[in-house]
1. Quick check on my filter: what residues within the range 37-52 are outside any loop (DSSP other than H, G, I, E, B) and either within 14 Å of the ligand (Cβ to nearest atom) or surrounded by 10 or more Cβ atoms within 10 Å (Cβ to Cβ) (or both)?
2. If you check every pair at least six apart or on different chains, which have Cβ atoms under 6 Å apart with a residue in the range 25-36 that is more than 8 Å from the ligand (Cβ to nearest atom) first and a residue that is modelled with pLDDT of 90 or more and not β-branched (V, I, T) second?
3. With respect to I21, is the statement that it is modelled with pLDDT of 80 or more and touching a helix residue (DSSP H, G or I) at 6+ places or on another chain (Cβ under 6 Å) true?
Amino acid sequence: MSEPSIETNESMPATEKFDVIYKCLRCGTNVTNTELSRLPEIKCICGFRVFNKVRPPIVKSVQAI
Ligand SMILES: [Zn+2]
């Protein structure tokens, strides 16, 4: 019987991990989900717990001429 060959493509770029950004509905502080996951509870620095999910900022590399 033939076993399927599994090729691990190491040259593939790692799955890009992007941060989801949440904005506190009270004070407007932006927090990333990474920061939130580090906290013992999902809570803003102001103590508010309601966040609005915002799109991550698109980082454009603008080269100054
Ligand atoms: Zn807040």
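1. Going residue by residue through the range 37-52, those that are outside any loop (DSSP other than H, G, I, E, B) are 37-38, 51-52.
Across the range 37-52, the qualifying residues are F51, N52.
2. Partner pairs satisfying both residue conditions: N30/K23; V31/Y22.
3. Numbers: modelled with pLDDT of 80 or more: yes; touching a helix residue (DSSP H, G or I) at 6+ places or on another chain (Cβ under 6 Å): no.
Spelling it out, it is not the case that I21 is modelled with pLDDT of 80 or more and touching a helix residue (DSSP H, G or I) at 6+ places or on another chain (Cβ under 6 Å).
The values are calculated or read from the model by the stated rules, or taken from the named source; none is laboratory data. All figures in this text were calculated on a predicted structure; none of them were measured in a lab. Using ideal geometry, Cβ is built from the backbone for each residue, glycine included, and neighbour counts are taken over all protein chains shown.
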